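Report on the following structure.
Please treat every number below as a calculation from the coordinates, not as lab data. Treat the numbers as computed from the prediction; the structure is a model and nothing was measured. Virtual Cβ from ideal backbone geometry, glycine too; neighbours counted across all protein chains shown.
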């Protein structure tokens, strides 16, 4: 008798159409991602209506490819897991609708997965020794959270951004200096050519909420610097600006994470989300965890950006915990972590 549990994961919260099959939560049998980056680059960022239409076009072929690459059929699957929020409502609806249709047709359980829970779970895919409890910094285009992972699927939010997420700030600054979209990887690459101490940018703190983040002031400081230089006829060194901006973001993320590790005494700390692929952040967090005696975990870059393997992994633990979604499941674009 085969006791393996196969989960089909579906992700469509923003501009990646993705499907994956995992075995027992930690083994990735397939991970298919259809990225829309080349399309949205033309517009300098994600256009929600275009993203939704492209998901409709790609969702069925991507699911078929994921099943084929895993060498399984829909009947072999034990459950269908899908991102139901947060994200772009039109994009989410495509994935949710596809998952509900598959679950109904194949008479399989449906599991709803929170997108941030998926990012956290990405760390499980390559680190067999990682189990809760642990601390985690989730940094992406839409989210910046400090989270305590108490158990599989159980979280306590320690801090969150009050305005722009870190990834959003990366995109806006990259656009301002002409690097284009997506901003994170381009800032990271450009920063390697510059001096991170060339420009002193502010590091915001939130009164009465030390672990919360704010990046709108930093973004404004960069724009003000550029405007001032233009008015004065001064040439801007884009590499120095990128490096200095990146350092300001990384320093804040690292300092707050390190303070939380010291306060809570974590022996394990992870990072997750699209910005977790930033080379400077990974190095800074690795060094901070080493100084504090905490083992550092990070996903490979392919599992940092939006993908369905992380959704299948999170769905596996939700499935084991008895979580089941009804066929009236809807997309919830602003759902908070821990809500249902």
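Going by the alpha-carbon gyration tensor, a ≥ b ≥ c the square roots of its eigenvalues, is region 219-292 rounded (a/c under 1.5) or, if a/c is not under 1.5, prolate (a/b greater than b/c) versus oblate? Each step should come with its number before you reach the end.
Working: a/c = 3.47, a/b = 2.79, b/c = 1.25.
Taking the square roots of the gyration eigenvalues as a ≥ b ≥ c, region 219-292 is prolate.
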Counting only DSSP beta bridges with both partners in the chain, the antiparallel fraction in percent, to the nearest 5, comes to 60
With the 8 Å Cα cutoff and a minimum separation of six or more residues, region 130-232 has a relative contact order in percent of 23
Burial-style ranking of 308-315, 189-196, average other-beta-carbon count within 10 Å with highest first, yields 308-315, 189-196
Packing-ranked peptide list from 102-114, 288-300, highest mean Cβ count within 10 angstrom first, is 102-114, 288-300
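What ranking do 149-157, 137-145 get when scored by the average of other Cβ atoms within 10 Å per residue, highest first?
Details: 149-157: 16.4, 137-145: 25.7.
Descending mean neighbour count gives 137-145, 149-157.
Quickly estimate the mean residue ellipticity at 222 nm for the chain, helices only: each DSSP H run with n ≥ 4 gives -39500 (n - 2.57), and the total goes over all residues, rounded to 500. Present the calculation step by step, with values, prior to reporting the outcome.
Details: 11 runs with 146 residues, N = 340.
Counting only the DSSP helices, I get -13500 deg cm²/dmol.
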The chain: relative contact order from alpha carbon pairs under 8 Å, six or more residues apart, as a whole percent, is 25
